[in-house]
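Novice: Take this structure, written in C-alpha cells, and hold onto it; I'll ask about it next.
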Amino acid sequence: MSINWLLLGIGITAAVILLFRDWRITVAALLLNYVAQAFFLVEQQFISGDLPIFGFAVSTLLIVKVITGISVALILGITALTFSREYGLENLDEFGMAELRRAARAAQRQRANQPFQFSEYVLPFWAGVLALLASLILPRVYAIAPTVASDFVWYWLVLTGILTIATAVDVLKIGLGLLLCVSAVDVLYMAVVSTPDASGLNVIPLALLSLFHLLLALAVAYLSGLLYGRLKTLDLSELYR
Amino acid sequence: MLYLLLIFFPITMAISTFILRRRSELVIFAALGTVLTQVWIALQLPIDQPTRFLGVTLTLSTLGQVFLLIFLGIGVFAFVAARHLPHGENFVPITLLTLAQISGVLLLQDPFITTLLLASTSLTTVLTIVDLPVGASALVSTRVIAAALKYLVLMVVATVLMYIAFVLTDVFQPGELPGRISLARFILALLATSFALRLALIPFHTWLTDLVDYAETLVSAVTITLLNTTSLLVLILVFQSYPMLLVESAEVLFVIRLGALVSVIVAGLLALAPASLRRTSAYLILYHCGIVFYGLAAVSELGLAGAIFGAFNQTLAVMLLFVSLGLLERPDGRTPGVVRRDLLRRWPVAATGLIVSGLSLLGLPPLGGAMSHLLIYQAAAEKGWLELSILLLGTLLAGLGLARIAAERLLGPGEDTLVVEPLMLGETELDRPPQRRLEPEPPSAAVLTLLLMLITLGVGLYPQPLLAVIDEAIRGLAFIQAL
C-alpha cells in the first residue's frame, strides 16, 4: 500500500492549524497546506499541465494556487510581525492615549499570569480526532467528489476549519479557520466541476476564488491589526469583556 | 461594453474617491456623479439580450434593471445623507465598490461568480463597519470590532455553504440514489441555511442586531438595503435556474416556511421587550425579513410577488429608518448622555420618518409595505389559516413593539420648557446667560427624509406600475409555472 504524501501533508498541516496557537507555526502550516493542496489537485489530475517550464508541463492553475498560498501567508505573516507598531496615534486625544496605556498594561498582566497549560490543547485535540473520524467515514457514506481522496480532503478541510473557528481563542486563528473552509470549497469545486458530467472549469470563478482568499486574508489581517492596536492582544475574551 | 462599464466605472471611481477621501464634500459630489452616470448606463442597457464575455453570460432582466435602479437610488440617498450623518472616512469609496459588485451580481448569470461577488461585498462591508470618521480623535470601540468579526465569520460561512450547494447542483441529476439523503434536499437545505444567514433570519440574525447596535447608521442602511435585497434576488435566480430542487423537496420547503414563521413571531416578541431605539429598529427589520422570506418560501405567484414587492419596500423603509435614526442621534444642543423622550418635538421630521418607516415595515396602509403584506397574507391563506394567523400575530407583536418605543422615546412631553425666573436684586437682563438656542434639523437631511416618506406613501397609494413590472417578471419565471 503506497502512502499519499500530499494527502498526509494536507491532513497534518490542517491539524497543526487546529491544535497550535502560535501564529509562527500556524501561518507556516497554512502555507504548506496551500502548496500541498495545489500539488494534490495536479496529482488527482483535476488540472493538467499547460505551461512548459524546464521541459516539464506545469499547470497554470498550480502556479496560481501556490502564488495565492504564498500571498495569503505573507499577508498574515507580515501583519503578525508588525503588530507592535503603532499607527494613527497623532489624532488621538488624551482619553484615547490613556485607554491604550491601560490596555497595554492589562495585556502585559494577562501574558505574565498565563503560563503554558496543557489542558488548553485538550479540546482542539479531541475536536481534531472527531473531525478525522468524520472525514474518514463521510466519503464512504456520502461521496460527492469523484475520488475518495478528494472527498477526504474537502471534508477534512471544512471540518477542521469549522472546529478551528469554534475552538479559537484569538482573531487570527478564526481567520485561519475561515481560510481552511474556503480552501475546502476550492478543492470541492475543482474536483467536482472538472468531471466529464459537470459544466467544466471556468477561468473567472477560479480567479475570483483566488481573489477571495486574498481579500479574506486582508480582512482578517486588518481586523487583527485593529484589535491588537486597540487592546494589545488578539484574545477574543478581551474583545467581549 | 456598457455591461463592463456598469461594473468597472464605479470601481475606478471608488479608487479615485479613496485617494481623495479626506476631502469629504468633493468625494460625495464625485460619488453622486458616478451613481447618476450609472443610472444613465443602466437605462441604456438592452433588456434580456445576453452577451458573452470570457465564457460568462451577461444579461439584464426587467426585474434586474428595476432593482439596479432602486439600488442606485439608494446610493444617491446614502451619499446625500452622508453630508450630515456620521460615517467613516472610507464610506463613499466602499459604497461605490459595493454598487459595482452588486451590478456584477445582477448582470452575471453564473452562480459561482454570483456567490463570490456576494461574499466580496461582505468583506468590503467589514471595512466600513470598523471605519472611523476623518481625523477621529477616539479609538474604535471593541464592540464595533466584535460586530465586524461576527459579520465576517457568518458571511464567510454562508458563502461556503452556498458554494458547496452550487457545486452540487452542477452534478445534480433528478431522482434519488437508494440509501442516501436526496441530493436535492441536501442542496436546498444548504441554500436555505446560507440565505437565512445572509437575510438574517432568526436564529441566524445576531450579526444584524450587532450591526444596527454598533455600526454607524449609514453603514447599517447600506448593508441591509443593498446586500440583503441582492441576496433575495440571487435566491430567486437560483430557484429559476434549478426548479427541480423545489419539485423534489416539498418537505424541505415546508421546513423553510416554518423557519420563516418562527422568525416572524420571535422578531415580534423581541420587539416587544424593553430595548433601545436601535435594537427595536433591528427587530422590526428582522420581522420584515421573516415576512419577505415567507413570501418567497411559499413558492406561489402571490407569495413571490409579495416577496419582491416586500424587498423593494424594505430598501425604502430601511433607508428611511436609518436616516431618521441618524438624525435623531445627532447632538441636539442639550445635555448629552440623557435618554430623551420628546424626540418628536425636538426633531419632528426625523421622528416622523422613524414612525413612518416602522409602519411601512409593518405593512400598514397606505404606506409602501401594505401591498406586499397583503400579497404575502394571501399566499399564507392559500397554505392554511394557521400560517396566516401566525403571520398576523407576528405583525401585531411587532406593531406593539413599535408603539412601545414610540411612547417611550418619541411621543413624550417636551423637556425644554423654559421657566422665566424674575430678576434678582441688582441683576439686569445683560447679566443673565444668553438664552439657549437649539439648532433645527439640517434642512437638506430633513428634505431627504421627507422625500423618502413621500416615496413610501406614493408607492403605497399607487402600487400598480411596480406590481405590473413584478407580474411581468414572475410570468417569466419557469419554477413558478413548474410548481
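Novice: Please list the radius of gyration and Dmax for the protein assembly as shown, considering alpha-carbon atoms only, with Å as the unit.
Specialist: 26.8, 107
Novice: What is the Rg over Rh value, at two decimals, for chain B, using alpha-carbon atoms and the Kirkwood definition of Rh?
Specialist: Expressed as Rg/Rh, it is 1.00.
Novice: Please compute the net charge surrounding B:Met162, taking Lys and Arg as +1 and Asp and Glu as -1 over other residues with Cβ under 15 Å from its Cβ.
Specialist: Once positives and negatives cancel, what remains is -2.
Novice: A further question on this structure: Quick one: if you stick a label point 7 Å off each Cα along the C-beta vector at A:Phe56 and A:Leu133, how many nm between them?
Specialist: 4.0 nm
Novice: I've got another one for you. How far apart, in nm, are two points set 7 Å out from the Cα along the Cα-to-Cβ line at B:Phe254 and at A:Ile67?
Specialist: Inter-label distance under the simple model: 5.3 nm.
Novice: Here's something else I'd like to know. Can you compute the FRET efficiency between A:Ala98 and B:Glu25 using 1/(1 + (r/R0)^6), with r the Cβ-Cβ distance and R0 = 35 Å? Round to the nearest 0.05.
Specialist: 0.55
Novice: With unit charges on the beta carbon (Lys/Arg positive, Asp/Glu negative), name the residue among A:Ser59, A:Leu92, B:Pro203 whose Cα is farthest towards the positive pole of the charge dipole of the protein assembly as shown.
Specialist: It is A:Leu92.
Novice: How many angstrom lie between the C-alpha centres of the stretch A:22-68 and the stretch B:185-236?
Specialist: 34 Å
Novice: Step through the residues of the stretch B:93-100 one at a time and calculate ³J(HN,Hα) from phi using the Karplus curve (6.51 cos²θ - 1.76 cosθ + 1.60, θ = phi - 60°), rounding each to whole Hz and writing x for Gly and Pro.
Specialist: x, 5, 5, 4, 5, 5, 4, 5
Novice: Report the Rg/Rh value for the stretch A:147-232, based on alpha-carbon coordinates and the Kirkwood definition of Rh.
Specialist: 1.09
Novice: Next question, about the same structure. Kindly write out, for the stretch A:17-25 in residue order, the coupling ³J(HN,Hα) from the Karplus curve 6.51 cos²θ - 1.76 cosθ + 1.60 (θ = phi - 60°), rounded to whole Hz, with x marking Gly and Pro.
Specialist: Values, residue by residue: 4, 5, 7, 8, 10, 5, 5, 5, 6 Hz.
Novice: Over 10 Å intervals from 0, what percent of Cα-Cα pairs in the stretch B:226-384 sits in each interval?
Specialist: Pair shares across the bins are 11, 36, 30, 15, 6, 2, 0.
Novice: Mind checking the alpha-carbon convex hull of the stretch B:1-105 and giving the volume per residue in Å³?
Specialist: 86 Å³
Novice: What is the set of long-range amide H partners of B:Phe53 at a cut-off below 5 Å, with H atoms built 1.01 Å from backbone N?
Specialist: B:Leu58
Novice: What translational D, rounded to a whole number of µm²/s, comes out for the stretch B:306-386 from Stokes-Einstein when the hydrodynamic radius is the Kirkwood one over Cα pairs, at 37 °C and 0.692 mPa s?
Specialist: Rounded to a whole number, D works out at 232 µm²/s.
Novice: Then there is this: Which whole-percent values make up P(r) of the stretch B:194-265 when all C-alpha to C-alpha distances are grouped in 5 Å steps starting at zero?
Specialist: 3, 15, 19, 23, 19, 11, 6, 3, 1
Novice: Which distance in nm do the two modelled labels at B:Ser276 and B:Arg330 give, with both placed 7 Å along the Cα-to-Cβ direction?
Specialist: Distance between the two pseudo-spin positions: 2.0 nm.
Novice: What does the net charge come to around B:Leu321 if you take all other residues with beta carbon closer than 15 Å to its beta carbon, with K and R at +1 and D and E at -1?
Specialist: Here the count lands on 0.
Novice: Show me B:277-290, A:194-207 ranked by packing, highest mean number of other Cβ atoms within 10 Å first.
Specialist: Ranking, from highest mean packing down: B:277-290, A:194-207.
Novice: Gap in Å between the Cα centre of the stretch B:339-362 and the Cα centre of the stretch B:240-278?
Specialist: Cα centroid to Cα centroid, the span is 28 Å.
Novice: Given H placed 1.01 Å from N in the peptide plane, which residues other than close sequence neighbours of A:Val58 have an amide H under 5 Å from its amide H?
Specialist: Close amide H contacts, sequence-distant or interchain: A:Asp50, A:Leu51, A:Ile53.
Novice: Work out Dmax and Rg for the stretch B:70-167 from the C-alpha atoms and quote the Rg first, both in angstrom.
Specialist: Just the Cα atoms of the stretch B:70-167 yield Rg and Dmax of 15.2, 47 Å.
Novice: Give me the net charge for the shell around B:Leu451: Cβ to Cβ below 15 angstrom, other residues only, Lys and Arg +1, Asp and Glu -1.
Specialist: Once all neighbours under 15 Å are counted, the net charge is 0.
Novice: Quick check on the stretch A:105-194: take the gyration tensor over C-alpha atoms, sort the square-rooted eigenvalues as a ≥ b ≥ c, and tell me if it's rounded (a/c under 1.5), prolate or oblate.
Specialist: Verdict is oblate for the stretch A:105-194.
Novice: Could I ask something else about it? In whole Hz, with x marking every Gly and Pro, tabulate ³J(HN,Hα) for the stretch B:192-202 from phi via Karplus 6.51 cos²θ - 1.76 cosθ + 1.60, θ = phi - 60°.
Specialist: Listing the rounded values in order: 4, 5, 5, 6, 4, 5, 5, 8, 6, 7, 5 Hz.
Novice: I've got another one for you. Rounded to whole Å, give me the distance from the Cα center of the stretch B:422-483 to that of the stretch A:141-172.
Specialist: Each part's Cα centre sits 48 Å from the other's.
Novice: How big is the charge dipole of the stretch B:80-212 about its Cα centre, in debye rounded to the nearest 20, if each Lys and Arg gets +1 on its Cβ and each Asp and Glu gets -1 on its Cβ?
Specialist: Here the size comes out at about 220 debye.
Novice: By what distance, in whole Å, do the Cα atoms of chain A stretch along each of the three principal axes, largest value first?
Specialist: 65, 38, 31
Novice: Shifting gears a bit: Taking the Cα centre of chain A as the origin, how large is its charge dipole in debye, to the nearest 20, when only Lys and Arg (+1) and Asp and Glu (-1) carry charge on their Cβ atoms?
Specialist: Result for chain A is approximately 600 debye, rounded to the nearest 20.
Novice: Separate question: Could you list B:Ser231, A:Ser71 in order of exposure, starting from the residue whose Cβ has the fewest other Cβ atoms within 10 Å?
Specialist: With the fewest neighbours first, B:Ser231, A:Ser71 line up as A:Ser71, B:Ser231.
Novice: Can you show me the helix-derived [θ] at 222 nm for chain B, built from DSSP H runs with n ≥ 4 at -39,500 (n - 2.57) apiece and divided by the number of residues, rounded to the nearest 500.
Specialist: Rounded to the nearest 500, the figure is -23000 deg cm²/dmol.
Here, each number is a calculation from the coordinates, and none is a lab measurement. Everything numeric in this text was worked out from a predicted model, so none of it was measured. Don't worry about glycine lacking a Cβ; one is built from the backbone with ideal geometry, like all the others, and counts go over all protein chains shown.
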